[in-house]
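What follows is a set of notes on a single structure, which appears directly below.
The values are calculated or read from the model by the stated rules, or taken from the named source; none is laboratory data. Predicted model, so just to flag it, every value in this text is computed and none were measured. Cβ coordinates were reconstructed from backbone atoms using ideal geometry, including for glycine residues, and neighbour counts include every protein chain displayed. Accessible surface areas use protein heavy atoms only, side chains included; no ligands, DNA or RNA. Shrake-Rupley method; radii C 1.70, N 1.55, O 1.52, S 1.80 Å.
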Amino acid sequence: MSTPRPATITPAPAGAPSLSRTTATAARVLRQLRHDPRTIALMILIPCVMLFLLRYVFDGSPRTFDTIGASLLGIFPLITMFLVTSIATLRERTSGTLERLLALPLGKGDLIAGYALAFGTLAIIQSALATGLAVWVLDLDVTGSPWLLLLVALLDALLGTALGLFVSAFAASEFQAVQFMPAVIFPQLLLCGLFAPRDTMHPVLEAISDVLPMSYAVDGMNEVLTHTDMTAAFVRDALVVAGCALLVLGLGAATLRRRTA
């Protein structure tokens, strides 16, 4: 009598992400988020609330709001998307959802691209609301086009999404995911040029700030704040932020693995 062969799991396909599998993954994530209104409120409304508070903190000095408001318009979406994405993705890891998905004929690139597409859709809404509030309600005075502000805010939100997906691979609990924020976000916040011009920092810190993506996000916002037209520096800053987001998404796909045999 022949010995029965053990059941095997079909490995996920290699190669470039499939559009159909990516969109199916994104649709699943969005359906889950639809039943979590608190998470949606955190992603979409918190940056707007923070900008609103900031405007009236400097109610007696509106010029100060004009100076730092544009920078924070990019930083707030990055921080909120990092927090929400890292926690939501980790929840799927710890619940076993990713284990089951990776046992299907679904590539790592499809999963990461699907998550990025789902959270990126919310990032578009978040960035549009925050930019519209800052420019047309809170009277943020910018020399350049508000559409360029929106572009940088969106790129920052996508970068936060990518960073959140990446660090979720190294956390064992939601509490640990939150603990990554001081390690990943706070150094960039201190060195991005928001509190002091980067060229006035200690040379070592200035060199470190030159390789941090948030520095280019702030520089891009400042370019819009002070120039009427799109400058070469703005294009460079936007490309660096976008490139960093794509790089981190690639690293996220590389670290995505099954945790059980």
Please verify whether Thr80 is β-branched (Val, Ile, Thr), within 23 Å of Phe234 (Cα to Cα) and open to solvent by 10 Å² or more (accessible area, probe 1.4 Å), treating the condition exactly as stated.
no
- Message: Regarding region 52-71, can at least one residue be identified that is within 19 Å of the chain's Cα centre (by Cα) and open to solvent by 40 Å² or more (accessible area, probe 1.4 Å)?
- Response: no
In region 9-28, anything of a type in the set (A, V, I, L, M, F, W, C), at pLDDT below 85 and either open to solvent by 40 Å² or more (accessible area, probe 1.4 Å) or part of a helix (DSSP H, G or I) (or both) is listed as Ile9, Ala14, Ala16, Leu19
Here the qualifying pairs (Cβ atoms under 8 Å; residues six or more apart or on different chains; first in region 27-50 and closer than 28 Å to Val137 by Cα and in contact (Cβ under 8 Å) with a residue 24 or more places away in the chain; second part of a helix (DSSP H, G or I) and basic (Lys, Arg)) come out as Ile40/Arg34
Counting only residues in region 230-246 that are touching a residue at least 40 places away in the same chain (Cβ under 8 Å) and over 15 Å from the mean Cα position of the chain (by Cα), the one surrounded by the most Cβ atoms within 10 Å (Cβ to Cβ) is identified as Asp237
* Has region 144-153 got any residue that is modelled with pLDDT of 90 or more, closer than 18 Å to Thr39 by Cβ and either among the hydrophobic types (A, V, I, L, M, F, W, C) or surrounded by fewer than 23 Cβ atoms within 10 Å (Cβ to Cβ) (or both)? -> no
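Quick one: would you say Val224 is open to solvent by 20 Å² or more (accessible area, probe 1.4 Å), part of a helix (DSSP H, G or I) and touching a helix residue (DSSP H, G or I) at 6+ places or on another chain (Cβ under 8 Å)?
Criteria not met by Val224.
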Can Asp110 be described as crowded, with 19+ Cβ neighbours inside 10 Å and among the charged types (D, E, K, R)?
yes
Among the residues of region 198-213, are any under 29 Å from Arg91 (Cα atoms) and open to solvent by less than 40 Å² (accessible area, probe 1.4 Å)?
yes
